[in-house]
Structure formats: structure tokens, C-alpha cells
Amino acid sequence: MKKQPKSIHILIGILVFLVLRLILGRCTDMGITAAGASTLALFIATIYLWITYGTGWTSMLSISALAFTGIMPASTIMANSFGNSTTVICIGTLILCVALEENGVTTLISNWFITRKIVSKRPYVFLFMFLLANLVVCYFMEATAVMIIFLVLAKGVLDSLGYTTEDKFAKALYLGVLWITCVGNGASPIGHPVVLLMINSMAEMTGAPVSWVKYMMVGIPLSLVTLGLTILIFKFVLRPDCTKYAAYDVMARRKELQKLSAKGKASLVVYVALIIVWLLPDFIGSILPQVEAILDRVGASIFSLLAVAIVCAIRIKGEPVLKYETAVKKISWPTVFFIACIFLYASAFNMESGGINVFLRNLVAPITSSLPASVLAAVFLCFVIVATNFFSNGVIGTIGISVGVPALMAVSPVGYVTAYGVLVAALCNMGIATPGGSGFVALAQKDGYITGGETLKYSMLLIVVMYIAVMLIFWPLAQALF
């Protein structure tokens, strides 16, 4: 069991705030105001508490404390946190993902991939198809549920074939689920709060909204390349013994598949319809501008609430497609509080009454003036993909946006900064090496198939190769798109 942090961290957090407030209060010549100094000091102290205690009650404490800085009135604090549209979208999609999980949609999709004839007697094709299923489902669902489902499926397959915790084939499958769930979590904004948080926080700072379709034009190819790199690492580095896989019976497993229930079909239809509505403006803007205007005016958050209401209202054989009480209990409220808190600070950083962005630009000006923008971006992205393996993805992504975006905006056009922010949103989810970087690592290690040392060794290899691929392929791609 994870040891709970000691209360001393609260005192350290208070000390961090007081010291920084004193230092920042003497930097008014760099553009920051008294309210801005209090806000920035509180934000850094909050990051410390996030690292030590998590993002639940600490986010609520930070939201409350911000009211005493004087940077904005309480009504604006509520509007920019829990009233923010992205916070509402996250709540809606988390609830809808519960509906898909509860009604067996996720399990059916995943089993479909691993019961194709092509996987028979082909262990690496099986690994590819299994992880491809993992990736496809993760594009549209909250990642924790996907991770749990695929680990259960993986263990079932391994047990049926007689693999033990010592077999490298089992280690490959568990490592694959860990890696692919994390990269899939960063490949799409749909159902992924951290990605939404990053791109919308960046939009607050740059004034340029990020198209979900364009984001996925970077994120999905990046995830597919990572899948390919994963298989190559398994084949040429891990080199598992696949002898026992010969006993895998595709037809027998296919016979075990059950048809999707009426509830499953209803929840899937509603969720797919919601995704279409979200993405539609990017495709019909030039053809049906009036429809695009209506969709934009209503907003993505309203449609997410409507979709939740529909799956709770529809009754099949006397029962709702989704029990509202079940969904509310199963979603991650600490994630919701964290999203609300970060958006509040994103708004605070942009307020003229605080002067925080002006201060940050002036602070990094000596560095930005002496280094090319490409070098700065490369350094910041390297920091994100490495540091996220030791600290929370949301925290590292927030640092990558709140520090990197002002630094790059001082020397680069908005499109260049947006390309950088998109890659931060994708890469901050790659916390695959240690439990400190991601709870997914702890989930992958709990059955004993992979140890901490094995996870760290092979995951850092993937991180190095992935970073090279990002700088050679996806950094130029993101710049071309944005």
C-alpha cells in the first residue's frame, strides 16, 4: 500500500508560498503586480501539494485560496473553474465512458480484434492486434477504465496459455498495455481530460483555439508509430519465447463472444453521435456555415450534458441505459477538481490585473533572446517527456504550457507555439517508467508480470526512441498543420 504523505508537506507548501510571495513582490519592475505575485506564488505552492498529496482536495484548497489574492472576484473564480466549459465536457465524457464500460461495449470491441483469423499461430500479429484494439478504444474512452479492461483481458489470455510471471511474452503484453494506454490517452481530446486541459489552457494564453481534428492528425499518427516501435522493441530487444502461443485457439475464443446488448447499442450510438457533433464544425464550416455557427454557439459542453441526460433517460426493459448514481460514483472527481483548478489559473495568468504572463516573458527573455526557438522547443519537449515519468502528467503538462508557451510566444508566431503545445499535451501522458509518473504503472505492476526495474529499463528505451521520432517527424508535422 502506498504510504500516505506526512502533514509536514502542508507546512512546506505554506512556506513555499510565503517565500515566493516575498521574492515576487519585489519584481514589480518586470510587470507583475501584487495580486499577480500572490497568484503565481500560490500556483507554485499548489504544484508542490499536487506532487505530494495528489490533485483532489488540494485543488479545492487552491481554488478557495485564490479568492484572497485579489486577482479576481469570487463570481469570476467560479465561472472560470467549475463553470468552465471544458470542466463540464470532462464530467460529461467521464460519465459516458462509464456507460460504455458498464454495458460491455469496450470488452466487445477489444475481443473482436483478438479473434481475427490472422492472429492464429502468429504471436507478433496477436500482440499487434491486441494493442491496436487497446489503442483504438483508448482514442475515445477514459484511459483508466481502458487500462483495467485490457489488463484483465491480458491476464485471461496468459493464464489460458500457461504463461507465468517469468515469461517474457507475458511481460511484453503487460508492458504493451501500459505503453499503449498512455500514448492513446494523449492521442485524442475525446474523453481525455488532461489533453483538453492542455490545449484549452494554451488557447487561453495564445488566443488561438485548437481544432480537435488537427490535434488528432498529430496525436493518432504519433500513437501508431509508438505502437510500431513497441512491437520492434519486443521483437529485437525483449525477444520473448512465443512457443506457448501455439495453443491460442481463435475460433474457441470467438464462440465465447456475446452480442452487444440493447443497452450497449444505445450507449454506443449516443456516444458516437456526440463525437460526430463535436467534430462536425471542422468539416462543414465552408459548406454549411449556418450549421457551424449554431454548433459553435451551443458549445461542446452543452452537447455532452445532453448526451448524459439521454443515456440516463432511455429505458430498456424497465431499466435505464445508465444509472446516474452508478456513474457519479465511478468517475474520477479528483480529475474534475484538477481540471477546474488549472483552467482557473490559466485565466488568472492572462489577466492584466496580475501581469503574470508579462513577468514570465521578461523572466525568460535572457534565454529566449540567445537561443533559437527550435532549440527552446526541443529542450522544453525533452523536459516534458522525461519529467512526466517521475511526476504527475497533469502537473508536468501544466509546467510545459505555463512556462514554455510564454517563452516561445516572445520569439515565435502563434502557429509555432500551438504546434509546441499540442506535442506537450500528447507527450505529458507518457508517464510509463515509474509509479510516481503515472498510476497506470502501478496498475500494470500489480499482477507481478513486470517488475519496477523492468518497467523502468524498457520504458525509458521507448521514451528515447519516441522523442527522436517526435523531433524528426511530428514536430515538423505539427508546425505544418498549425
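The values are calculated or read from the model by the stated rules, or taken from the named source; none is laboratory data. Every value quoted in this text rests on a predicted model; they were computed, and no experiment measured them. With ideal geometry, Cβ positions are generated from the backbone for all residues, glycine too; neighbour counts draw on all protein chains shown. Side chains are part of the model used for accessible areas, which takes the heavy atoms of the whole protein and leaves out ligands, DNA and RNA. Shrake-Rupley method; radii C 1.70, N 1.55, O 1.52, S 1.80 Å.
Just a few scattered comments:
- Debye intensity ratio I(q)/I(0), log10, the chain, q values 0.07, 0.11, 0.12 Å⁻¹ (C-alpha model): -0.38, -0.94, -1.12
- Coarse-grained scattering of segment 429-481 at q = 0.32 Å⁻¹, given as base-10 log I(q)/I(0) from a Debye sum over alpha-carbon atoms: -1.16
- Once divided by 2.2 N^0.38 Å, the Cα radius of gyration of segment 118-176 becomes 1.12.
- Surface analysis of segment 181-309 yields an accessible area of 46 Å² per residue, using protein heavy atoms and a 1.4 Å probe.
- Per-bin percent of Cα-Cα distances, segment 394-482 [5 Å]: 3, 14, 19, 19, 17, 12, 9, 5, 2, 1
- Dipole magnitude of the chain about its Cα centre (Cβ charges: Lys, Arg +1; Asp, Glu -1), debye to nearest 20: 1180
- Principal-axis tilt of helix 57-66 within the chain, Cα atoms, nearest 10 degrees: 20
- Degrees separating the helix 143-161 axis from the principal Cα axis of the chain, which is the longest one: 30
- Principal axis dimensions, largest first and in whole angstrom, of segment 144-287 by Cα: 55, 41, 25
- Per-pair calculated FRET efficiency, R0 = 60 Å: Leu11 and Thr243 via Cβ, rounded to 0.05: 0.55
- Surface composition of segment 143-270: carbon plus sulfur atoms hold 62% of the accessible area, using a 1.4 angstrom probe and ignoring ligands, DNA and RNA.
- Average accessible area per residue (Å²) across segment 1-123 - probe 1.4 Å, nucleic acids and ligands excluded: 49
- Contact order normalised by residue count of segment 29-120, Cα under 8 Å, 6+ apart, percent: 20
- Counting only protein heavy atoms and a probe of 1.4 Å, the accessible surface of segment 324-482 is 71% carbon and sulfur.
- Every Cα-Cα pair of segment 213-321 was included, and the share exceeding 20 Å stands at 68 percent.
- Computed about its Cα centre, the charge dipole of segment 186-306 is approximately 680 debye, with only Lys, Arg, Asp and Glu carrying charge at their Cβ.
- Fraction of alpha-carbon pairs over 28 Å apart in segment 274-420 - percent: 46
- Nearest-ten-degree value, helix 34-53 long axis tilted from longest Cα axis of the chain: 30
- When the Cα atoms of segment 298-374 are aligned to their principal axes, the ranges along those axes come out at 68, 31, 27 Å in descending order.
- Listed residues Pro372, Gly421, Leu22: farthest to the positive end of the dipole of the chain (Cβ charges): Gly421
- For the pair segment 35-93 / segment 392-467, the C-alpha centres are spaced 22 Å from each other.
- Per residue, the average separation of C-alpha pairs within less than 8 Å and at least 6 apart gives the chain a relative contact order of 23 percent.
- Note: relative contact order over segment 89-178, using C-alpha pairs below 8 Å and six or more positions apart, is 27 percent.
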